[in-house]
1. For residue B:35, work out the one condition from (1) of a type outside the set (Asp, Glu); (2) touching a Leu at 6+ places or on another chain (Cβ under 8 Å); (3) surrounded by fewer than 20 Cβ atoms within 10 Å (Cβ to Cβ) it doesn't fulfil.
2. Scan segment A:36-55 and give yes if some residue there is over 27 Å from residue B:6 (Cβ atoms) and aromatic (Phe, Trp, Tyr), otherwise no.
3. Using the structure shown, decide if residue B:44 is surrounded by 14 or more Cβ atoms within 10 Å (Cβ to Cβ) and out of contact with any Phe, Trp or Tyr (no Cβ under 7 Å at 6 or more places or on another chain).
4. Give, as residue ranges, the strands (runs of 3 or more DSSP E) completely inside segment A:22-111 that count at least 3 residues that are under 24 Å from residue B:32 (Cα atoms).
5. Looking at the structure I just gave you, is residue A:47 surrounded by 14 or more Cβ atoms within 10 Å (Cβ to Cβ), among the hydrophobic types (A, V, I, L, M, F, W, C) and closer than 17 Å to residue B:102 by Cα?
6. List the number of the failed condition for residue A:93; all other conditions in (1) in contact with a Lys or Arg (Cβ under 6 Å, 6 or more places away or on another chain); (2) surrounded by 14 or more Cβ atoms within 10 Å (Cβ to Cβ) hold.
7. Taking the condition of being surrounded by fewer than 18 Cβ atoms within 10 Å (Cβ to Cβ) and either in contact with a Cys (Cβ under 8 Å, 6 or more places away or on another chain) or free of Cβ contacts under 8 Å to residues at least 60 places away in the same chain (or both), how many residues in segment B:66-98 meet it?
8. Looking at segment B:59-85, which of its residues are within 12 Å of the chain's Cα centre (by Cα) and not hydroxyl-bearing (Ser, Thr, Tyr)?
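Just so you know, all these numbers are worked out from the coordinates, no wet-lab data involved. Computed from a predicted structure; not experimentally measured. Neighbour counts are summed over all protein chains in view; Cβ atoms, including those assigned to glycine, are modelled from backbone coordinates with ideal geometry.
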Amino acid sequence: EAGVAQSPRYKIIEKRQSVAFWCNPISGHATLYWYQQILGQGPKLLIQFQNNGVVDDSQLPKDRFSAERLKGVDSTLKIQPAKLEDSAVYLCASSTNEKLFFGSGTQLSVL
Amino acid sequence: GDSVTQMEGPVTLSEEAFLTINCTYTATGYPSLFWYVQYPGEGLQLLLKATKADDKGSNKGFEATYRKETTSFHLEKGSVQVSDSAVYFCALSDGTGNQFYFGTGTSLTVIP
């Protein structure tokens, strides 16, 4: 069974630039999550989708972050414009039967 | 709201030592409890889970027991190996299976 795919693996940008991350969840998983993991901290939920609808985006900084899952499968997370404090690993996960499956993440460095 | 608190790290142990990583939780309903592990350069993987009070989750020699009376889910292993070096995250889901809350992680280094 293929796992959760994410790309790119690494991204380095300057502050005020834009960046986008892509996620392909495990086939058949209706629920998809984007987490932000700052160095030394646990994953923090940014947004949760159920199929193509948003279940929870209460912690998403909506002035600069956006996410979509138009066809209920792949998802993209965008940051525009990026700030220094956005440097983190962005994890995508999908779930079934109360089990979370994570991708390897995208490590973002904002200079 | 629901939350998880786990012991601060980093933890350094010699090979074959006994490991305990403490985790306590706060929840309003009937959560399920998890331990996730993150090996260097990899994503988080489910290590073990327990879905109700007194359940014991186990995997790869690791164990954790869901203690409702002490709201705890401590991770233990009787004899650690170098390959166990990783960051361990305690987590809970809110019972619906949709919302997950993570602790801050505990880094474990096992030296030969």
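1. (3)
2. The initial filter retains those residues of segment A:36-55 that are over 27 Å from residue B:6 (Cβ atoms), namely A:49-54.
From what is left, the residues that are aromatic (Phe, Trp, Tyr) are A:49.
For segment A:36-55, residues over 27 Å from residue B:6 (Cβ atoms) and aromatic (Phe, Trp, Tyr): present.
3. Working: surrounded by 14 or more Cβ atoms within 10 Å (Cβ to Cβ): yes; out of contact with any Phe, Trp or Tyr (no Cβ under 7 Å at 6 or more places or on another chain): no.
Criteria not met by residue B:44.
4. Details: elements: A:31-37, A:44-50, A:53-56, A:65-68, A:75-79, A:88-96, A:99-102, A:106-110.
Hits in segment A:22-111: A:31-37, A:44-50, A:53-56, A:88-96, A:99-102.
5. Numbers: surrounded by 14 or more Cβ atoms within 10 Å (Cβ to Cβ): yes; among the hydrophobic types (A, V, I, L, M, F, W, C): yes; closer than 17 Å to residue B:102 by Cα: yes.
The answer is yes for residue A:47.
6. In the conditions (1) in contact with a Lys or Arg (Cβ under 6 Å, 6 or more places away or on another chain); (2) surrounded by 14 or more Cβ atoms within 10 Å (Cβ to Cβ), residue A:93 misses (1) alone.
7. Looking only at that region, the number is 11.
8. Filtering segment B:59-85 down to residues within 12 Å of the chain's Cα centre (by Cα) leaves B:59, B:62-66, B:72-77.
Listed by number, the residues that qualify are B:59, B:62, B:63, B:64, B:73, B:74, B:75, B:76, B:77.
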